[in-house]
Amino acid sequence: MAMALDQMVIQEPTLRGGRPIIAGTGTTVRTIAELYNLGLAAEDIAGELPLSLAQIYATLAYYHLNSTEIDADIAADSEENLKQAAYNTASV
């Protein structure tokens, strides 16, 4: 049965903190976006994760349509990780 593009990425408040995920998986759009932003091509990502190229391309399309929000989420976590690392270093 064929799946429509708009059904390949879902967002549920109870899954992965409400972050958008690839339907039928636990893989977040942000995971794919981070790999893509590191320079991996869709084919490389599909080789690293148990996902089809169709899932990767649908996720990248979703990312490009929502990159401002997804990049802000990634940046917020990066900043939080830096603060936590600084705190851990200071308390040692």
Restricting the first residue to the stretch 60-76 and requiring it to be of a type in the set (G, A, S), which pairs with a second residue that is assigned to a helix (DSSP H, G or I) and surrounded by fewer than 13 Cβ atoms within 10 Å (Cβ to Cβ) meet a Cβ separation below 9 Å and a spacing of at least six or different chains? A61/L5
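Let's see how each residue does on (1) polar (S, T, N, Q); (2) touching a Ser or Thr at 6+ places or on another chain (Cβ under 8 Å); (3) under 21 Å from M8 (Cα atoms); (4) at pLDDT 90 or above:
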site: A46; (1), (2), (3), (4): no, yes, yes, yes
site: A61; (1), (2), (3), (4): no, no, yes, yes
site: L65; (1), (2), (3), (4): no, no, yes, yes
site: T68; (1), (2), (3), (4): yes, no, yes, yes
site: D71; (1), (2), (3), (4): no, no, yes, yes
site: A86; (1), (2), (3), (4): no, no, no, no
site: V92; (1), (2), (3), (4): no, no, no, no
Restricting attention to the stretch 26-61, report how many residues are assigned to a loop (DSSP other than H, G, I, E, B) and under 12 Å from the mean Cα position of the chain (by Cα). 2
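The values are calculated or read from the model by the stated rules, or taken from the named source; none is laboratory data. Note that the structure is predicted; figures quoted are calculated from it, not measured. A quick note on method: Cβ atoms are made from the backbone with ideal geometry, for glycine too, and the neighbour counts reach across all protein chains shown.
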